[in-house]
Amino acid sequence: MSPEEVIKKTFIFENLDEQEVAAILKITKEKRFSKGEIIMQEGHEGDTMYIVVNGSVEVSKTLTMKVGEERTEREKILRRFQAEDNVVFGEMAMIDRGNRSASAASSTDCTLLEIKRADFLDLIEKRPQTGVKILRRIAELLASRVRQSSQDVIRLTTALSIALSS
């Protein structure tokens, strides 16, 4: 799929017209990652978001477990994104300069479209109507992910409560 087709099928951009898509394409950069390569690291400052063009990406979080005095860390895969998912990740970096909430690594050789925060902010400043469309979609995406996280917390809390009461 061409970068233009990928942009048009990605949720946060799918309501844009041809000129707006062309403006987005001007600020994207194609990046290639080898299998196993780190794309973004949890805890590091973020200034880019990505869209999978081909291949797949695993998003993970470091879990720290303490058993007695011993602490162990391991990666928990939260999501797997494939090109056909037409998904964006790292989008929180377009809103603030906070640290990454998760890590992402290529699970296959992959090609991504990268958008830098500075370029994105410049675009929405120059094209405020386009910016409103995209930011509204990012807000919808983040709201959906917060809802899902809340449901996950309830399920885990319930399971833990049941396990501890046994």
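Here, each number is a calculation from the coordinates, and none is a lab measurement. Note that the coordinates shown come from a computational prediction; the quantities given were computed from them, not determined experimentally. Note that we place each Cβ from the backbone using ideal geometry, even for glycine, and neighbour counts take in every protein chain shown.
Quick notes on this one:
- Cα gyration tensor, the range 3-87 - rounded (a/c under 1.5), prolate or oblate: prolate
- Three-way shape call for the range 71-114 based on the alpha-carbon gyration tensor, with the a/c threshold at 1.5: oblate
- The calculated FRET efficiency for the pair residue 26 and residue 77, based on their C-beta separation and a Förster distance of 41 Å, comes to about 0.75.
- With Cα atoms, 0 to 90° folded angle of helix 128-165 axis to the chain main axis: 10 degrees
- Annotation: peptides 124-130, 65-71, ranked by per-residue average of other Cβ atoms within 10 Å with the highest first, follow the order 124-130, 65-71.
- Highest to lowest packing among 147-153, 110-116, 28-34, scored as the average C-beta count within 10 Å: 110-116, 28-34, 147-153
- Scaling against 2.2 N^0.38 Å puts the C-alpha radius of gyration of the range 103-154 at 1.53.
- The length gained on full extension between residue 70 and residue 95, counted as 0.36 nm times the residue separation minus their Cα-Cα distance, comes to 5.3 nm.
- Rounded tilt (10° steps) of 117-126 against the dominant C-alpha axis of the chain: 40 degrees
- Ordering 52, 1, 78 by the projection of their Cα atoms onto the charge dipole of the range 1-95, which places +1 on the Cβ of Lys and Arg and -1 on the Cβ of Asp and Glu, puts 78 at the extreme positive end.
- The tail of the calculated P(r) for the chain, taken as Cα-Cα distances beyond 22 Å, holds 48 percent of the pairs.
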